[in-house]
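The values are calculated or read from the model by the stated rules, or taken from the named source; none is laboratory data. Just so we're clear, the structure is a prediction, and the values are computed from it rather than from any experiment. Counting neighbours? That spans all protein chains shown, and the Cβs are built from the backbone with ideal geometry, glycine included. All accessible areas refer to the heavy atoms of the entire protein, side chains included, with ligands and DNA or RNA removed. Shrake-Rupley method; radii C 1.70, N 1.55, O 1.52, S 1.80 Å.
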Amino acid sequence: MNILVLNGSPRKNGNTAAMVEAFKEGAESAGNSVTVMNVGRMKIAGCIACEHCHTKGNGVCAQKDDMAEVTAELKKADMLVLAAPIYYFTMSGQLQCTIDRFYALGGMENIKKSAMLLSSESPGVYDGAIAQYKAMMGYLGKKDMGIITAHGSENKSEKKLAEIKEFARGV
């Protein structure tokens with residue numbers, strides 16, 4: 001299976017990156033191919049609702065930025081994993097801009113499964129991100145393989161990273 005992980009954190013070695021690396025290790029150990037895109041550090045603007053993609057663009061966004069790289073990988077993926085820090089009750093703005101640009105792609109029929117990794121300092125701050133993820137994947141008809149959260153001392157802990165690796169082996 002080809003798995004695409006979109007890391008929405010702008011930090012290079014933060015908590016989300018540790019979760020992503022653990023997921024990658026686990027999924028690859030089970031024979032999957034994993035591509036990680038650090039969209040949190042890419043230049044991706046939000047959707048401007050110009051409708052170019054659904055008219056003369058034939059599914060291609062009018063904006064010329066790093067989203068073209070993400071789109072190419074999305075078209076090859078069988079599974080999508082969204083990974084994000086929670087700064088203020090939802091996914092990072094960087095990942096949100098990327099998600100908004102999915103609009104140009106329609107249903108992304110090649111992607112059958114999805115999962116989510118979320119990190120934060122505080123417990124109980126995930127509801128907004130989880131609700132958005134579940135609504136989006138339900139609407140698109142993707143099979144939710146699960147959501148893993150880590151907060152405070154769980155971040156980068158051996159126990160949590162082992163949990164993520166085991167989870168990834170089973171996707």
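So how many residues does the range 132-149 have that are of a type outside the set (Lys, Arg), out of contact with any Ser or Thr (no Cβ under 9 Å at 6 or more places or on another chain) and open to solvent by 40 Å² or more (accessible area, probe 1.4 Å)? So the answer is 5. Being crowded, with 20+ Cβ neighbours inside 10 Å, among the charged types (D, E, K, R) and out of contact with any Ser or Thr (no Cβ under 8 Å at 6 or more places or on another chain), is that true of even one residue in the range 39-57? The answer is no, given that none of the residues of the range 39-57 is crowded, with 20+ Cβ neighbours inside 10 Å, among the charged types (D, E, K, R) and out of contact with any Ser or Thr (no Cβ under 8 Å at 6 or more places or on another chain). Residues that are closer than 24 Å to LYS160 by Cβ and not hydrophobic (A, V, I, L, M, F, W, C) were ranked within the range 34-60; the one that is farthest from the chain's Cα centre (by Cα) is ARG41.
Residue by residue, here is whether (1) surrounded by 19 or more Cβ atoms within 10 Å (Cβ to Cβ); (2) of a type in the set (A, V, I, L, M) holds:
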| site | (1), (2) |
| --- | --- |
| VAL36 | no, yes |
| CYS61 | yes, no |
| ASP66 | no, no |
| GLU73 | no, no |
| ASN110 | no, no |
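MET145 - would you say it is in contact with a strand residue (DSSP E or B) (Cβ under 9 Å, 6 or more places away or on another chain), in a helix (DSSP H, G or I) and closer than 19 Å to VAL5 by Cβ? For MET145, the condition - in contact with a strand residue (DSSP E or B) (Cβ under 9 Å, 6 or more places away or on another chain), in a helix (DSSP H, G or I) and closer than 19 Å to VAL5 by Cβ - is not met. Considered as a group, the residues in the range 75-104 that are part of a loop (DSSP other than H, G, I, E, B) and open to solvent by less than 40 Å² (accessible area, probe 1.4 Å) include one that is farthest from ASN58 (Cα to Cα), and that residue is SER92.
Considering the conditions (1) modelled with pLDDT under 95; (2) assigned to a helix (DSSP H, G or I), GLY107 is excluded by exactly one of them, (2).
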